[in-house]
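The block underneath contains the structure these notes are about, expressed in structure tokens.
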Amino acid sequence: MTNRSVYFYPQLFGGLVWILVASSNVPVPLLQGWVMFVSITSFILSSTYLIFLVTGLADRIITDWNVLDVTYHFMALLFYFAAFVLEAATTAANGGAHIKILPNSTETVMCIAYPRGNIFTVMDDRQYSVNVAATVFAFVVTLCYGCSMVMGFKRWMS
């Protein structure tokens, strides 16, 4: 019916986005809450869809799986693109803020460049690095869902 390995990659990378955003302590809950919602929901729906295909339950259910496949991947592509943009905005909103511990001191200094936008976050180096990785993987997941949608559309038209 379909190439089942194509469903594994968005699920794997989507799980990484979920884990990375959660491990960053969600510095901007308003933006990253949507990223978490999309990554968890897509992970659960993709897992369910993969289980249907692997166990053969999809062959027992009478429906047009090609239409369902293209529709699901289109919706996942839209949601993950929005999640990617929001995660990128969160990462970019760090705005050059650096938290540094002064040498030979217990004092901490925060250097802030003038913020360029409406969103401003202060992240330490670890949070910033984790958010950069989450942004990259959210983009990879968006590409995976886009490729899956195109392949599903080709299957549907053939």
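The values are calculated or read from the model by the stated rules, or taken from the named source; none is laboratory data. All figures in this text were calculated on a predicted structure; none of them were measured in a lab. With ligands, DNA and RNA removed, areas are computed over all heavy atoms of the protein, side chains included. Shrake-Rupley method; radii C 1.70, N 1.55, O 1.52, S 1.80 Å.
Computed values, structure above
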item	result
Pairwise centroid distance, computed over Cα atoms, of segment 19-89 with segment 120-158, Å	11
With DNA, RNA and ligands ignored, accessible area of LEU12 (1.4 Å probe; Å², nearest 10)	80
Theoretical gain in end-to-end length, LEU68 to PHE153 [0.36 nm per residue, Cα-Cα removed]	29.6 nm
